[in-house]
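The structure appears below as structure tokens.
The values are calculated or read from the model by the stated rules, or taken from the named source; none is laboratory data. Note that the structure is predicted; figures quoted are calculated from it, not measured. Cβ atoms come from the backbone with ideal geometry, glycine included; neighbour counts cover every protein chain shown. Keep in mind that these areas ignore ligands, DNA and RNA; they rest on the heavy atoms of the full protein, side chains included. Shrake-Rupley method; radii C 1.70, N 1.55, O 1.52, S 1.80 Å.
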Amino acid sequence: MPRLRWLMIGLCMAANAINYIDRANLAVAAPSMSKELGLDATDMGLILSGFFWTYAIMQLPFGYVADRVGARLSLVVAVVWWSACTALTAAGRGFLSLLGLRMLLGIGEAGAYPSFAKVAASWFPRGERSFASSIFDSGSRVGSALAIPLVSWVIATLGWRESFIVTGVLGFVWAVFWMWLYREPENHPKVSPEELARLRAAQDRPKTVDAADAQNQVPWLSLFRYRTVWGMMAGFFCLNFVIYFFITWFPTYLVKARGFSLAELGTLGSLPALASIPAGWLGGFASDALYRRGWSLTAARKTCLVGGMLMSSVITLSIIAPNVYVALLCFAVAYGSLAFTAASIWALPGDVAPTPAHVASIGGIQNFASNVAGIVTTTFTGIMLTVTQGSFVIPLVVAGGFCLLGAFIYLFVVGEIAPLPVRDARVPALRPEAAR
């Protein structure tokens, strides 16, 4: 296999870390911004959710575009766009301007995960794809963990407006390295024909690789005819309902419910995100290891998907935690279990795509549904805090319920983990073999 594949997935991990630093910046800055601009919990919940409206919707076209133009171009456009919007957030003056900038940020960041999934499917064989996915997906936890101390330090030193400028610059630096280093395996001068042949043989790729030809065989809209695609959408919705609590409301929970100072927020508050990084790698390694040891791909992926979702339901136990350290342990186990699950989730687009020209499209479709959860989580939590005068009990109970529901969906709704059949993609109704 080409050794360069680790550099390529490492660049994706770095982009994802920047993605989540920029995304989490507002959550960390929320207490300071709310005080200065006079925003209540409902206002901040709507501002936080504004990102997810555009982010979710734009997953669909971005996935399609990434399959047509390639990850090299789609990802650099996305990073430059969201970095500019992050820096411009420093100019926000109130509810409407912050909401608008947050929605623009969502448009750019929508191109990240579909492009990452395409890179993993292009550069990695099936037996390493889940671990590769865990590496780029761990960038989200690295970014979340770095965002709390980094943004907290910049806010304490310079101010909340300056924190958006500092984090926005990171993406422009990354874009230079990406355009310099990234190529598809077929076009990379350091990948020999022998390495390329071994890689493609290990991927069991369908013969159809031309994007235009593949779209004629399996039109984009026909992807919604598969039961497995709908199961992937619903299961990922459940996981992200909980993930986005950590990204958006978790810092506020620590400050309001547990009395954290800004310094404690930047240290103890980052522990769940830090714990989730190795947990995600373990999830990717475990899924691939089971497959390489002779398990079917379905058994290997579903064991990690279902087990991780079940374990993440311990988030609800934080409600009865006798002290902050037990609560942080519950959050760390929950976040780690979600990361463990996510590695297999992001391997699925490459596993089930009917052709290589549909990987990013399926990744975008499942990520669209998952980020509708971001809209629900942020808005629902904000409303519950307003109604209950700051209690997090209801949001945390509901989060645990979604973890259990997600385990059920991945076990019973998602079908066999195998390339979806091309020949039945355009039939007017689902046939049994097309319902996977």
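Residue count for the range 311-344, restricted to those that are open to solvent by 10 Å² or more (accessible area, probe 1.4 Å), in a helix (DSSP H, G or I) and among the aliphatic types (A, V, I, L, M): 11. Scanning the range 141-185 for residues that are open to solvent by 50 Å² or more (accessible area, probe 1.4 Å), at pLDDT 90 or above and in a loop (DSSP other than H, G, I, E, B) turns up just one, ARG183. Answer with yes or no whether ALA41 is more than 17 Å from SER133 (Cα to Cα), at pLDDT 80 or above and touching a helix residue (DSSP H, G or I) at 6+ places or on another chain (Cβ under 7 Å). In short, no. So for the range 365-376 (the condition being among the aromatic types (Phe, Trp, Tyr), crowded, with 24+ Cβ neighbours inside 10 Å and either within 12 Å of the chain's Cα centre (by Cα) or not assigned by the TED database to the domain that holds SER276 (or both)), does at least one residue qualify? For the range 365-376, residues among the aromatic types (Phe, Trp, Tyr), crowded, with 24+ Cβ neighbours inside 10 Å and either within 12 Å of the chain's Cα centre (by Cα) or not assigned by the TED database to the domain that holds SER276 (or both): absent.
Being open to solvent by 10 Å² or more (accessible area, probe 1.4 Å), part of a helix (DSSP H, G or I) and either touching a Cys at 6+ places or on another chain (Cβ under 9 Å) or under 27 Å from VAL229 (Cα atoms) (or both) is a condition met by at least one residue of the range 19-31.
Any residue that is open to solvent by 20 Å² or more (accessible area, probe 1.4 Å), under 20 Å from SER32 (Cβ atoms) and in contact with a helix residue (DSSP H, G or I) (Cβ under 8 Å, 6 or more places away or on another chain) - is there at least one of those in the range 270-287? Checked against the condition, which is being open to solvent by 20 Å² or more (accessible area, probe 1.4 Å), under 20 Å from SER32 (Cβ atoms) and in contact with a helix residue (DSSP H, G or I) (Cβ under 8 Å, 6 or more places away or on another chain), the range 270-287 yields no hits at all. Looking for something in the same structural domain as ILE135 (by the TED database), in contact with a Cys (Cβ under 9 Å, 6 or more places away or on another chain) and within 16 Å of ALA17 (Cα to Cα) - is there at least one such residue anywhere in the range 93-103? Checking the range 93-103: not a single residue is in the same structural domain as ILE135 (by the TED database), in contact with a Cys (Cβ under 9 Å, 6 or more places away or on another chain) and within 16 Å of ALA17 (Cα to Cα). Among the residues of the range 399-414, the ones that are surrounded by 20 or more Cβ atoms within 10 Å (Cβ to Cβ) and of a type outside the set (Gly, Ala, Ser) come to 5 in all. Scanning the range 100-122 for residues that are open to solvent by less than 40 Å² (accessible area, probe 1.4 Å) and more than 17 Å from the chain's Cα centre (by Cα) yields GLY100, LEU101, ARG102, SER122. Search the range 19-47 for residues that are of a type in the set (D, E, K, R) and pair each with any residue that is surrounded by fewer than 18 Cβ atoms within 10 Å (Cβ to Cβ) and at pLDDT 80 or above when their beta-carbon atoms are under 6 Å apart and the residues are at least 6 apart or on different chains. From the range 19-47, the pairs are ASP43/PHE95. Filtered by the rule that a residue be within 15 Å of TRP346 (Cα to Cα), surrounded by 22 or more Cβ atoms within 10 Å (Cβ to Cβ) and of a type outside the set (S, T, N, Q), the range 230-269 gives MET232, GLY235, PHE236, PHE237, CYS238, LEU239, ILE243. For the range 406-413, the criterion of a residue being modelled with pLDDT of 95 or more and assigned to a loop (DSSP other than H, G, I, E, B) is satisfied by at least one position.
Restricted to helices (runs of 4 or more DSSP H) entirely inside the range 219-291, those with at least 1 residues that are in contact with a Ser or Thr (Cβ under 6 Å, 6 or more places away or on another chain) are 227-244, 262-267.
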